[in-house]
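The values are calculated or read from the model by the stated rules, or taken from the named source; none is laboratory data. Worth saying up front: this structure is predicted, and the values here are computed from it rather than measured. Neighbour counts run over all protein chains shown; Cβ positions are idealised from the backbone, glycine included. Heavy atoms of the whole protein, side chains included, go into the accessibility calculation; ligands, DNA and RNA do not. Shrake-Rupley method; radii C 1.70, N 1.55, O 1.52, S 1.80 Å.
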Amino acid sequence: MAQCVTRVELSVSCENLLDKDVGSKSDPLCVLLQDVGGGRWAELDRTERIKNCQKPEFSKKLVVDYYFEKVQKLKFGVYDIDNKSFDLNDDDYLGGIECTLGQVVSSSVFTRPLELKKGKPAGKGTITISAEEIKDARTVYLEIEARNLDKKDFLGKSDPFLEFYKQSDVGTWQLVYRSEVVIKNNLNPCWRKFSVPLQTFCGGDFNKPIKVQCADHDSDGSHDLIGIFETNLTQLQKAGDSSPVEFECIHPEKKQKKKSYKNSGIIRIKSCKIERDYSFLDYVMGGCQINFTVGIDFTGSNGDPKSPDSLHYISPDGINEYLIAIWSVGSVVQDYDTDKLFPAFGFGAQVPPSWQVSHEFALNFNPSNPYCQGIQGIVDAYRQILPQLRLYGPTNFSPIINHVARFASHSAQQGNASQYFILLIITDGEITDLDQTRQAIVNASKLPMSIIIVGVGEADFKAMEFLDGDNGVLKSLTGEPAARDIVQFVPFRQFKNAPREALSQMVLAEVPKQLVSYYKLQGWPPVKLPEVKKM
């Protein structure tokens, strides 16, 4: 398995972007994609969207794992976002570039002209990317409020927001954080608690100069400066629960013009804490076992397994889409499970001897011990059981999700990061119990588990895409939102002609983030803490 050498944080800015909006400037966002083989690109990360701006400096950093031994082809795409959907296909493309991560990390600053397609420049638009290795796993958490800020709006009060800049080694200021919440009409705002990785915030140097800028937000992008002050992390850290640290917000021009000028308001740092953030590898290397379970759809809509047009038909070379999906995903996941015993279930078939329809039967016909030895064991059990079943229906997902959730719930009660569960469901997509499945996923989102759905065949997978939750938070029928996004859906047909590892990379891309987000939500460190290397 390729070893990730380090993580790299990419800062992105653009100049002279095309103007696609009538009556205002474009609202750009930058997306980062990585080549996963077979001409397919998988999204790794995206920046925030900046309103009305042709010269954006994005504060959200793009994070990518750097593999020294791999040529990692990247694509940066800049889009004008005019709606709330996550999908970028309905947004105007402002240009992009293709390069390798090696090119970016080996340049101190990497600037290229944006292209609409190969050889067709996007006007005079350019993109600049700079890379920084993430060496420090700590995060700065800040709570900030202000009082008596200057009034900047003619009719109302100011709409203040904050920007933090760190000073680079050559003396320039680089944006590290922009407050998300623009507090409307308020000269005494209290901003939401926020966090910035320590590496991003000050490069791990507690005495590195930090410039804080408070401005009045204008929807047309022409924000008015309220005031600025300079500090460093050592000073900010003096803020405690009962003793905030205060800074005068100074407007340089006003200070020059008026002798009587005092300040443009006071910024109060209510609290500044530094905490350790753990990575996926910290948890895995710290003893977290990843338990892999497979659920296979044996409903009638798959077609008769003896017929060559059935999705369960095993071709003369011994494969079908179900088997390829099991191999692709299982071969990666099995490296993280020491006992290599994987429970495997089927659903939606009539099962001998009673021929009752079952929605969670063990592939090895042994309900008290449904474990298969390794991925080969799952494949063997599948081949043996196939001729013995009558494919039937309906297609119910919730029983098998709830089955794995019971194990995950039992593990969560131990109160540590020792077990995480991945359920792979392979289906032809005709789901019957959508409402019960939504509830099962919302319940499971509070547990140490992730669900991967691979859709085989040519069906309409609208319901699967809905369960994926990428277009917004999945909610149960009663309106309860999922605590975190735990479902990843991938249609197999997109990978028919791609190398086998392309499917597993796409399908498993979200799992590390999902695992870390669960343990972070619980506040659980790895079972064995990583050693802190002495500098």
Assuming 1.002 mPa s and 20 °C, estimate D for the range 138-276 with Stokes-Einstein, Rh taken as the Kirkwood radius over Cα pairs, in µm²/s. 139
So which lysines pass the test for residue 157, namely a Cα distance under 19 Å, with those fewer than 8 places away in the same chain ruled out? 184, 254
Which lysines have a Cα less than 25 Å from the Cα of residue 70, not counting those fewer than 8 places away in the same chain? 61, 118, 135, 496, 513
Charge dipole magnitude, Cβ of K and R +1, D and E -1 - the chain, Cα centre, debye nearest 20: 1820
Summarise the long-distance tail of P(r) for the range 291-522 by giving the % of C-alpha pairs beyond 26 Å. 32
About the Cα centre of the range 1-103, what is the dipole size in debye to 20, counting +1 per Lys and Arg Cβ and -1 per Asp and Glu Cβ, all else neutral? 260
In debye to the nearest 20, the charge dipole size for the range 335-409, taken about the Cα centre with +1 at each Lys and Arg Cβ and -1 at each Asp and Glu Cβ, equals 240
The range 6-134: spread of alpha-carbon positions along the three principal axes, whole Å, largest first, is 48, 31, 29
Using Stokes-Einstein with the Kirkwood hydrodynamic radius over Cα pairs, what translational diffusion coefficient do you get for the range 392-535 at 10 °C and a viscosity of 1.306 mPa s, in µm²/s rounded to a whole number? 98
Separation of alpha-carbon centers, the range 399-460 and the range 222-278, rounded to whole Å: 47
Before anything else, pin down the relative contact order of the range 44-89: Cα pairs under 8 Å, at least 6 apart, normalised by residue count, whole percent. 29
Of the accessible area of the range 291-522, computed with a 1.4 Å probe and all protein chains kept, carbon and sulfur make up a percent value of 52
Which order do 53, 202 take when ranked by solvent-accessible area (1.4 Å probe, heavy atoms of all protein chains), largest first? 53, 202
Positive end of the charge dipole of the range 206-246 (Lys, Arg +1 and Asp, Glu -1 on Cβ, about the Cα centre): tell me which of 212, 235, 223 has its Cα farthest that way. 235
Accessible-area composition of the range 138-276, carbon plus sulfur, in percent [1.4 Å probe]: 46
May I ask you to derive the relative contact order of the chain, considering only C-alpha pairs under 8 Å and at least 6 residues apart, and to give it as an integer percent? 11
Hey, what did the range 164-229 get for relative contact order, percent, Cα under 8 Å, at least 6 apart? 30
Which residue, chosen from 371, 199, 327, occupies the Cα position most advanced towards the positive end of the dipole of the chain, where the dipole is computed from +1 (Lys, Arg) and -1 (Asp, Glu) charges on Cβ about the Cα centre? 199
Treating cross-link reach as a plain straight distance, find the aspartates and glutamates whose alpha-carbon is under 12 Å from the alpha-carbon of residue 25, omitting any fewer than eight places away in the same chain. 80, 82, 220
Would you work out which of 305, 343, 278 lies farthest towards the positive end of the dipole of the range 199-344? Charges go on Cβ: Lys and Arg +1, Asp and Glu -1. 278
Probe 1.4 Å, accessible area per residue of the chain, Å²: 48
Would you list 261, 371 from the most to the least accessible area, probe 1.4 Å? 371, 261
Cα centroid separation, the range 462-501 to the range 377-394 (Å): 26
A correct Kirkwood calculation over the Cα atoms of the chain returns a hydrodynamic radius in Å of 26.0
Scoring only Lys, Arg, Asp and Glu (+1, +1, -1, -1) among other residues with Cβ under 10 Å from the Cβ of residue 395 yields -4
Largest-first ranking of 107, 179, 354, 242 by accessible area, probe 1.4 Å, whole protein assembly kept, is 242, 354, 107, 179
MRE, 222 nm, helices only [DSSP H, n ≥ 4, -39500 (n - 2.57), over the chain, to nearest 500]: -5500 deg cm²/dmol
Using Cα centres only, tell me the gap between the range 15-58 and the range 92-157 in whole Å. 9
